[in-house]
1. Measuring from a point 7 Å past the Cα of Val150 along Cα-to-C-beta, which residues in segment 186-202 have an amide N at less than 18 Å?
2. Run the reach check for Lys88 against lysines, Cα to Cα strictly under 18 Å, same-chain hits fewer than 8 apart removed. What comes back?
3. Antiparallel as a % of all DSSP beta bridges within the chain, to the nearest 5?
4. Helix-only mean residue ellipticity at 222 nm, the chain, DSSP H runs n ≥ 4 weighted -39,500 (n - 2.57), per residue, nearest 500. What is it?
5. So which aspartates and glutamates can Lys86 reach, going by Cα to Cα under 20 Å and dropping same-chain residues fewer than 8 places off?
6. Going toward the positive end of the dipole of segment 49-142, with +1 on Lys and Arg Cβ and -1 on Asp and Glu Cβ, which of Asn133, Gln81, Tyr93 do you reach last?
7. Counting Lys and Arg as +1 and Asp and Glu as -1, each charge on the Cβ, what is the dipole of segment 80-158 about the Cα centre in debye, to the nearest 20?
8. Please list, by residue number, everything in segment 34-67 whose backbone N is under 11 Å from a paramagnetic label point 7 Å out along Cα→Cβ of His75.
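Please treat every number below as a calculation from the coordinates, not as lab data. Quick caveat, the model's predicted, so the values are computed rather than measured. All Cβ positions, glycine included, derive from the backbone under ideal geometry; neighbour counts span all protein chains shown.
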Amino acid sequence: MTTLAERLSGIDARIAAALEACGRTGDEITRIVVTKFHPAQLVRDLYALGVRDFGENRDQEAAPKAEELEELDCHWHFIGQLQSNKAKSVVRYADSVHSLDRQSLLESLAKVTEERANPLDVFIQMNLTQDENRGGISPGDLLRFAEAVVAVPTLRLRGVMAVASLEGQEERDFELVAEASDRLRAEHSDARFISAGMSGDFELALTYGATHLRIGTAITGNRA
Ligand SMILES: *Cc1c(COP(=O)(O)O)cnc(C)c1O
């Protein structure tokens, strides 16, 4: 049995080694620990180990957790599919939404952030499959959608987000994301980040330029 502290430092060591192997520095890396399915206490334990960036994928679970932990300086990253009717709740605690994947959600986020003092950070979630019905923005639609995002003053476009689609295709997927990111960055220099890489593929994602790693089980252990 390993402890939480051992798993965290083990992952950080692997991140550092992967970065060194591809000649990158850690300056622009945000390691997000995904705490879905785990109680608020696990967030406290991670916080005590220095973690500040946490990821959640369901508002029903994240909202009460964030509220219970309000006194801590946690940065909450919302990474799951977001129903438009939950947008209002999510923007109360989330500093960033990684799963902006459609026009209707953009409109909802614009509306619920209208009164906000600091802009909400958003990543455009990519659809890397040929299946138009899958969630996410296709590479060919990225720049047009990005124009609509940057037109909303209360949203700050940070970059692209992706979940590798199929086992065995991670390499191709991360390459598509890197290409999409290059095109986005050429138009919007601030939108330079790439949210990609999970427990099973973060080292590969790092070689393709990932900046925001979303790591769950490799750190937290299996869901409670
Ligand atoms: C759960 C989840 C993760 C973390 O997955 P692990 O395999 O546990 O590291 C990352 N991204 C998203 C969108 C998730 O839902």
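1. Taking a point 7 Å out along Cα→Cβ of Val150, the residues of segment 186-202 whose backbone N falls under 18 Å are 186-195.
2. Lys65, Lys111
3. Numbers: 0 of 27 bridges.
Taking every DSSP beta bridge within the chain, about 0 percent pair in antiparallel fashion.
4. Numbers: 9 runs with 91 residues, N = 224.
Rounded to the nearest 500, it is -12000 deg cm²/dmol.
5. Answer for Lys86, where 20 Å is the Cα cut-off: Glu56, Asp59, Glu61, Glu67, Glu68, Glu70, Asp95, Asp101, Glu107, Glu114, Glu115, Asp121, listed by chain and number.
6. Of the candidates, Asn133 comes out farthest on the positive side.
7. Numbers: 10 positive and 10 negative charges, 48 e Å.
Here the size comes out at about 220 debye.
8. 52-54
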